[in-house]
Amino acid sequence: MTETIRLTAGRMFRSLHIPNYRRYFIAQTVSMTGTWLQAVAQIWLVLSITGSPVALGITSALQFAPMLLFGAWGGVIADRFDKRRILMITQVLAAVIALALGILTVTGIVTLWMVYVLTALWGVVIMIDNPTRQSFVSELVDPEHLSNAVGLNSTVLTAARTAGPAIAGILISTVGIGICFLLNALSYIVVVGALAKMDVDELHQTELVPRGKGQLREGFRYIWANPVLRSTLLLMAVVGTLAFNFRMFVPLLADKVFSGNAATFGLLSAMMGVGTIFGALASAATSRPTRKLLLASALTFGAFLVALGLAPTLTWAMVIIVPMGAASILFAATANSTLQMEAAPAMRGRVMALYAVVFLGSTPVGGPLMGYVAEHMGTRAALALSGVATLVAATFALRKRLRREAAGVMRRAGNTLSTRRDARRPASRNQRAGEGRRSAPRLSFRRTRRSGDVPEPRPDHRSSSSSGSQPR
């Protein structure tokens with residue numbers, strides 16, 4: 001039993017044996033925690049200034065709109081330039097923005113328009129940083145470790161999403177809002193240091209794409225021509241827009257559905273966090289992403305979303321939210337790994353940019369849409385609708401996959417039967433005659449010296465004709 005656990009843990013964390021990835025993993029753990037510190041502090045800052053939910057919505061839109069509108073161009077930049085250098089630049093810029101917001105908050109001179117401007121600038125930086133960071137993982141590890149590395153990255157994001165808000169709550173209540181921004185600025189410096197210390201010779205760098213016209217259109221054409229990339233991104237677009245905003249329903253479940261309080265919200269959030277960690281570790285344990293795993297996780301995610309919307313009691317909701325969180329992270333990580341392994345190295349930045357667009361950029365569209373459904377039809381109806389949309393999209397993708405497989409089986413079977421039929425078919429009369437002509441020796445008549453003799457047939461041995469024949 002102990003040996004099994006040891007082997008499983010070794011397989012789950014095998015990418016950490018690679019020095020460059022280990023540095024990146026540790027730096028990302030610090031940086032993502034700092035990012036969530038800033039996310040929570042920014043919400044509290046806007047609420048303390050305005051007390052307006054509308055202002056929060058505008059802030060969220062400014063943060064994600066650059067990714068939605070221009071995220072594909074971030075992928076073009078990632079393919080054209082050295083990814084490690086791009087990340088060093090984006091991390092420094094993000095640190096400057098966080099530092100400015102921290103100083104403005106600590107000194108008490110911050111206003112709403114300043115938050116809006118700095119949030120929009122941060123969104124522009126993330127527009128370039130995110131696809132570059134996603135595609136940079138494939139340069140840190142070899143292809144056989146890629147799925148594991150993506151799974152470990154999901155574990156980092158999940159742990160940071162759980163720990164960051166908790167730490168931010170303690171800091172805001174004891175020290176103040178500004179310290180969260182300052183600590184996040186320091187976390188970016190950790191990433192810059194890790195990138196600077198990497199062994200460049202050990203990176204699996206791809207050839208940079210030279211500047212040219214139509215590279216964005218080329219990326220779209222490439223994705224659309226590849227069935228795996230196309231179907232994965234379309235499925236991710238539906239799920240990302242209609243289902244991955246489920247986090248906004250957790251406080252509504254606690255308050256509106258189960259008539260709870262902040263403790264109820266914290267309990268549901270904690271159980272969901274446990275599930276997401278399990279899902280991330282399960283993704284890290286897989287050797288390669290498969291289409292079956294992608295569709296199975298999407299179907300499971302949709303089913304548990306519907307079940308959560310129908311949960312009769314808080315206890316049932318706490319039980320259901322654990323596998324729902326696990327399936328959500330497993331689906332996202334599998335989609336990420338599938339895209340990275342299927343994409344050509346020269347196209348990987350553009351492919352991952354579109355992944356970021358449908359995963360993050362869809363928030364400004366899906367968030368208000370599902371919020372409207374929750375407000376007018378209820379939280380349960382919104383959760384059920386999200387789950388049904390996911391189930392329909394995954395079922396459609398599964399149906400197309402089964403059709404392609406069935407067509408391939410029929411095609412192979414037809415080819416096999418045709419080959420066997422040709423092998424067993426008797427030769428035709430013309431074929432037999434032709435074979436007889438090819439196999440029978442030629443007959444020739446030798447002229448005799450006496451004119452009255454009847455010529456006698458004999459085989460024509462052409463190999464000896466050069467030496468001549470003696471008359472009888």
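Taking segment 274-368 and the helices (runs of 4 or more DSSP H) fully enclosed by it, the elements with 2 or more residues that are over 25 Å from residue 392 (Cβ atoms) and among the charged types (D, E, K, R) are at 348-356. Taking the conditions (1) within 27 Å of residue 176 (Cβ to Cβ); (2) touching a Lys or Arg at 6+ places or on another chain (Cβ under 9 Å); (3) of a type outside the set (A, V, I, L, M) in turn, residue 44 satisfies each one other than (2).
I'd like to know if segment 265-277 contains one or more residues that are closer than 30 Å to residue 350 by Cβ and either buried (at least 20 other Cβ atoms within 10 Å of the Cβ) or among the aliphatic types (A, V, I, L, M) (or both). Yes: one or more hits. Being exposed (fewer than 15 other Cβ atoms within 10 Å of the Cβ), over 24 Å from residue 306 (Cα atoms), within 46 Å of the chain's Cα centre (by Cα) and at pLDDT 70 or above is a property that residue 402 has. Residues in segment 105-147 that are in contact (Cβ under 8 Å) with a residue 24 or more places away in the chain, farther than 24 Å from residue 71 by Cβ and of a type in the set (A, V, I, L, M): 106, 110, 112, 141.
One residue stands out among those in segment 323-380 that are of a type in the set (D, E, K, R) and buried (at least 21 other Cβ atoms within 10 Å of the Cβ): the one that is nearest to residue 153 (Cα to Cα), which is 348.
Among residues of segment 62-80 that are within 13 Å of residue 352 (Cα to Cα), those with a beta-carbon under 6 Å from a residue that is surrounded by fewer than 17 Cβ atoms within 10 Å (Cβ to Cβ) and of a type in the set (A, V, I, L, M) at least six positions away or on a different chain give the pairs 72/216; 76/216.
Those helices (runs of 4 or more DSSP H) of segment 180-262 in which 1 or more residues are farther than 25 Å from residue 339 by Cβ and more than 25 Å from the chain's Cα centre (by Cα) occupy 249-252. Go through segment 102-144 and report how many residues are assigned to a helix (DSSP H, G or I) and over 30 Å from residue 342 (Cβ atoms). Result for segment 102-144: 17. Residues in segment 315-348 that are within 18 Å of residue 386 (Cβ to Cβ) and small (Gly, Ala, Ser): 317, 325, 326, 327, 328, 332, 335. Taking the conditions (1) touching a residue at least 12 places away in the same chain (Cβ under 8 Å); (2) surrounded by fewer than 17 Cβ atoms within 10 Å (Cβ to Cβ); (3) within 18 Å of residue 159 (Cα to Cα) in turn, residue 22 satisfies each one other than (1).
Scanning segment 368-383 for residues that are within 17 Å of residue 310 (Cα to Cα) and of a type in the set (Ser, Thr, Tyr) gives a single hit, 379.
Scan segment 347-363 and tell me whether some residue there is touching a Leu at 6+ places or on another chain (Cβ under 6 Å) and modelled with pLDDT under 80. Yes, segment 347-363 has at least one match.
The values are calculated or read from the model by the stated rules, or taken from the named source; none is laboratory data. All of these numbers come straight from a predicted model, not from anything done at the bench. Virtual Cβ from ideal backbone geometry, glycine too; neighbours counted across all protein chains shown.
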